[in-house]
Amino acid sequence: MPNPTAVGNELTEFPLGDLLHSVAQGIADGQRALDMASLQTLIVLSKTPVPVIPEVTEVITPQPFQVSVSGQPSIQVTGARVTATPSPPIYMNALQAGITPTFYQFTEATIQVKISVQLREVEETTENGKKRTTRAFGSNVNFRTQNKYSYSVDASSSVTATLRPVPPPSRLTPSTVTVNALGTTPTVVINP
């Protein structure tokens, strides 16, 4: 019997329940890895200082200029100049600056496999002894079984998994408390 785990060998018979369990377990393992990666990113962002310019001051000043009109004397047009001056940068961590990690979630997974399904009685050992049950088994359909049993199938399979970004869990997004002690009366602003 060929080794079903060796690359290039034909897939031997397998219980369908095991196939479905294997797909579901793979998706669960992948989701856990995605969640842990996002949590690690969250920790890194909380420790990464970034310079942030909190304010830009724009000053609009008049700046008239002359416009030539063909055959006429030039005329003065009211113009304006905008001068932008940034405030000195302040340092905060990337989370405070509004950079959050992206969380992804498997929203659907589809597996399509062309297999031959057979029902067979099997003997299982339980705590109360042995019992006989009927289980479904699947095996690949290759050219030999296709010709022998007149199957009409394509020898192909596909796996599709859809990932979608989701907002981070609300408990992972820290609230920011800003205390303005520069004015005469301190003000407190809380951003969820």
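Here Ser46 fulfils each of the conditions (1) of a type in the set (Gly, Ala, Ser); (2) touching a strand residue (DSSP E or B) at 6+ places or on another chain (Cβ under 9 Å); (3) without any contact (Cβ under 8 Å) to a residue 40 or more places away in the chain apart from (3). With the condition kept exactly as written, say whether any residue in region 136-149 is small (Gly, Ala, Ser), at pLDDT below 80 and in contact with an Asp or Glu (Cβ under 6 Å, 6 or more places away or on another chain). The answer is yes; a qualifying residue exists. Which one of the conditions (1) closer than 30 Å to Arg164 by Cα; (2) touching a strand residue (DSSP E or B) at 6+ places or on another chain (Cβ under 7 Å); (3) modelled with pLDDT of 80 or more does Pro101 fail to meet, given that it meets all the rest? Result: Pro101 passes all but (2).
Residue count for region 41-62, restricted to those that are loosely packed, with under 11 Cβ neighbours inside 10 Å and over 25 Å from Tyr104 (Cα atoms): 11. Within region 42-83, being of a type in the set (Val, Ile, Thr), under 30 Å from Ala97 (Cβ atoms) and in a loop (DSSP other than H, G, I, E, B) holds for Thr48, Ile53.
The values are calculated or read from the model by the stated rules, or taken from the named source; none is laboratory data. Keep in mind that what you see is a predicted model, and the values were worked out from it rather than measured. When we count neighbours, we look across all protein chains shown, and the Cβ atoms used for this are built from the backbone with ideal geometry, even at glycine.
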